[in-house]
Structure formats: structure tokens, C-alpha cells
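S.K.: One structure, pasted below without further comment.
The values are calculated or read from the model by the stated rules, or taken from the named source; none is laboratory data. Worth saying up front: this structure is predicted, and the values here are computed from it rather than measured. Cβ sites come from the backbone with ideal geometry, for glycine too, and all protein chains shown count toward neighbours.
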Amino acid sequence: MEIATILSLAFLVLVIVALAKTARIVPQRSAFIVERLGKYAKTLEAGFHLLIPFVDRVSYKHTLKEEAIDVPSQACVTRDNIQVVVDGVLYLQVVDPKLASYGINDYRYASMQLAQTTLRSVVGKIDLDKTFEERETINVQVVKALDEAAQPWGVKVLRYEIADIELPATILDALEKQMRAERERRAVVAQSEGEREAKINVSEGQKQETINLSEADKLRQINEAEGKAREIELIATATAEGLRRVAEAINTEGGQAAVSLRVAEQYVKEFGKLAKTNNTMILPAELSNIGSAVAAITKTLESVKQ
């Protein structure tokens, strides 16, 4: 009876072990590598699977999700012989579980080491000043080199990101001085540019003012000339009209006598002014008296009338 119980218990344990070895549940976005008698048999994808007990066994388990691997800090020397410490993060994904199992012993460690060596090579081709500016270029070159090397491993390198670049204290101090000098230079240049623009604006304003003044003076002279011309024209017209009326008045009855009287009055008036201002006067003999003067003017008027 005891032997039968022991045998029953042993059979039950054997069944449980067989079921544990036979039934496999693969999680989503995972892959299991099955070996049969030590040789690759198949790749189990997500779901429930049954294996042959004591013949099949799961040798490798891989996640098909994107993995982030921290690449340790390492010293790199730039092209201008400056040592910097760089660390980054590598993103990769298993695309072929079989190659990831048999292509290399540890694809994570291999990818990390290859990332470090590639980064040293890329940084060594760039000057220190360009290291911060060319981060994107460095990342692309590292990803390209790693992806080509990782193809036999069944791994796809998605991207690489530089997390930090640490510089020596002396280099940091020199860079700060350089940036300070550059900022001061830009300030001086900006100030000089502002002064130059101000002088240009002042000169342009003076130029425009001179042009405006000259244009105004030109218009003033034109207006004055036109005014003088108009004045002369009006005076000439008025003079002509006056002479015409005088001529008409002379031709009327009693016109000559009136003219003679007017001439005599003017003669006496002007002669009196000359007597006040000069002690000595030289006059023609025929103009020594008013009558002869009036007679001469009357004769002149008769000649003009004829």
C-alpha cells in the first residue's frame, strides 16, 4: 500500500513537471528561443505554446520592445587635443531573436562597447568649439556605425543621444573668457553700428533740409520774379493808359492851355527847389523866364500832335 502511494505521488510529480516543461506562455512583445536536444528548434511568439517534455527547452528569452542602454562616461580627445568626458544613452531593439541569441553572446554589452569606441572616433575628428554645435551630427554618425555592426546580431540601433559633455576646469574658464570677450566685441560693434546709423540719419536729414530750403528759395525767387514781371507789366500798362489819356486830353478843346498851365506850375515848383539847394545854377538862355519855357513846351506839344 505504501509503495503504491509513493508511486502515485511520483507519477503526480512527474506529470506536474512535464506540464511545467510542456506548457509555455509568451508575453506580448516577447520571443522565446526553443532548443530541441541542444539544437535550435523554433522561436515562440506571444501566446500559449506546448513543448515536448525533456526534449524541448527554452534557452533564450528576448523582449522585442525598444531598450534604452546607458552608455558609461568616457574620456574623448578632440581634434585640437582637448580631453572631454562624454556620456550618452543608446536606444536599440531586437528584430531577429534567433540572431540575437546565437549571433553574439551579449548584444547589450557589445552595443555599449561599440558605442563608446565609435564615439571616441567621431569626437576625435571634431574641434572642441564644434563639439557642442555638432551633437546631432555625432549622434547620427554613431547610430550609422552601430547599426551596420549590429545587423549580424539581429539588433536594430534606433538612435543615440549625448547626455552630457564635461570639460576640464581650465577649458571652462578659457571658454567663459572667450564668450565674455565675444559679447563685449558684439556690444562694441552694435554701439558703433548704432552711431554710424545715427550719423547717416543726421546727414540724410541735413541733406533733405538743404534740398527743401533750396527748393523753397527757388520757389521764392520764381514768385518774386513773377511778381516783379507782373508789377512791370501793370506799371507799363498804367503808364501807357495815362499817356493815352493825356494825349486825348491835349487834343480836346482847351487841352493845350491846361497842359501849358500844368507845365508852368511844375516848372515854378522845381525851379524853387533848385534855388533852395544850390546857390549857383546854369540855365539855358531861352529858359530864363517862365513864358519862354511854356512857349517851348507848347511848341513841342504841337509837334507831337502833328
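S.K.: With the structure loaded, tell me whether residue 113 is in the same structural domain as residue 148 (by TED's automatic domain parsing) and either closer than 30 Å to residue 171 by Cβ or part of a helix (DSSP H, G or I) (or both) or whether it fails that test.
M.R.: yes
S.K.: Continuing with the same structure: Kindly indicate whether residue 67 is free of Cβ contacts under 8 Å to residues at least 40 places away in the same chain and either among the acidic types (Asp, Glu) or touching a Leu at 6+ places or on another chain (Cβ under 9 Å) (or both).
M.R.: No: the conditions fail for residue 67.
S.K.: Identify the residue in segment 20-36 that is more than 16 Å from residue 55 (Cβ to Cβ) and of a type in the set (A, V, I, L, M, F, W, C) and, among all such residues, is surrounded by the most Cβ atoms within 10 Å (Cβ to Cβ).
M.R.: Kept after step one, since they are more than 16 Å from residue 55 (Cβ to Cβ), are these residues of segment 20-36: 25-31.
With of a type in the set (A, V, I, L, M, F, W, C) added as a condition, the list becomes 25-26, 31.
Working: 25: 11, 26: 17, 31: 21.
Looking at residues that are more than 16 Å from residue 55 (Cβ to Cβ) and of a type in the set (A, V, I, L, M, F, W, C), I get 31.
S.K.: Residues of segment 160-181 being of a type in the set (Asp, Glu) and in a helix (DSSP H, G or I), which ones?
M.R.: We begin by selecting, within segment 160-181, every residue of a type in the set (Asp, Glu); these are 161, 164, 166, 173, 176.
Scanning segment 160-181 gives 173, 176.
S.K.: To continue, here is another question. Looking only at segment 37-60, which residues are surrounded by fewer than 14 Cβ atoms within 10 Å (Cβ to Cβ) and outside any strand (DSSP E or B)? Steps first, answer last, please.
M.R.: Within segment 37-60, the subset surrounded by fewer than 14 Cβ atoms within 10 Å (Cβ to Cβ) is 37-39, 47-48, 50, 54-55.
Listed by number, the residues that qualify are 37, 38, 54, 55.
S.K.: Just checking, which of 33, 6 is among the β-branched types (Val, Ile, Thr), outside the structural domain of residue 161 (by TED's automatic domain parsing) and touching a residue at least 60 places away in the same chain (Cβ under 8 Å)?
M.R.: Values: 6 fails: touching a residue at least 60 places away in the same chain (Cβ under 8 Å).
Among 33, 6, only 33 is among the β-branched types (Val, Ile, Thr), outside the structural domain of residue 161 (by TED's automatic domain parsing) and touching a residue at least 60 places away in the same chain (Cβ under 8 Å).
S.K.: Another one. If you check every pair at least six apart or on different chains, which have Cβ atoms under 9 Å apart with a residue in segment 148-161 that is in the same structural domain as residue 106 (by TED's automatic domain parsing) first and a residue that is among the basic types (Lys, Arg) second?
M.R.: 150/156; 154/98; 155/108; 157/144; 161/135
S.K.: Still on this structure: Would you confirm whether any residue within segment 106-128 is in contact with an Asp or Glu (Cβ under 6 Å, 6 or more places away or on another chain) and either free of Cβ contacts under 8 Å to residues at least 24 places away in the same chain or not charged (D, E, K, R) (or both)?
M.R.: yes
S.K.: I would also like to ask the following. Specify the residue that is farthest from residue 113 (Cα to Cα); the eligible residues are those in segment 133-150 that are part of a helix (DSSP H, G or I) and under 25 Å from the mean Cα position of the chain (by Cα).
M.R.: 133
S.K.: Right, another one. Taking the condition touching a strand residue (DSSP E or B) at 6+ places or on another chain (Cβ under 7 Å) and closer than 30 Å to residue 120 by Cβ, does residue 58 pass? Even if it seems obvious, please write down each step before you answer.
M.R.: Numbers: touching a strand residue (DSSP E or B) at 6+ places or on another chain (Cβ under 7 Å): yes; closer than 30 Å to residue 120 by Cβ: no.
Criteria not met by residue 58.
S.K.: Name the one entry in 125, 130, 98, 65 that is over 14 Å from residue 157 (Cα atoms) and either part of a strand (DSSP E or B) or more than 38 Å from the chain's Cα centre (by Cα) (or both).
M.R.: Selected residue: 98, the only one of 125, 130, 98, 65 that is over 14 Å from residue 157 (Cα atoms) and either part of a strand (DSSP E or B) or more than 38 Å from the chain's Cα centre (by Cα) (or both).
S.K.: From the set of residues in segment 153-187 that are among the β-branched types (Val, Ile, Thr) and surrounded by 10 or more Cβ atoms within 10 Å (Cβ to Cβ), which is farthest from the chain's Cα centre (by Cα)?
M.R.: Per the stated criteria, the residue is 155.
S.K.: Can you go through 265, 253 and tell me which one is out of contact with any Asp or Glu (no Cβ under 7 Å at 6 or more places or on another chain), exposed (fewer than 10 other Cβ atoms within 10 Å of the Cβ), at pLDDT below 85 and not aliphatic (A, V, I, L, M)?
M.R.: Residue meeting the stated conditions: 253.
S.K.: Another question, then. Would segment 61-79 turn up any residue that is of a type in the set (Ser, Thr, Tyr), buried (at least 17 other Cβ atoms within 10 Å of the Cβ) and closer than 17 Å to residue 142 by Cβ?
M.R.: Checked against the condition, which is being of a type in the set (Ser, Thr, Tyr), buried (at least 17 other Cβ atoms within 10 Å of the Cβ) and closer than 17 Å to residue 142 by Cβ, segment 61-79 yields at least one hit.
S.K.: Checking the condition within 19 Å of residue 75 (Cβ to Cβ) and at pLDDT 85 or above, which residue from 135, 159 passes?
M.R.: Step by step, each of 135, 159 is checked, and only 135 is within 19 Å of residue 75 (Cβ to Cβ) and at pLDDT 85 or above.
S.K.: Picking from 142, 123, which residue would you name as being closer than 25 Å to residue 81 by Cα, in the same structural domain as residue 93 (by TED's automatic domain parsing) and touching a helix residue (DSSP H, G or I) at 6+ places or on another chain (Cβ under 6 Å)?
M.R.: 142
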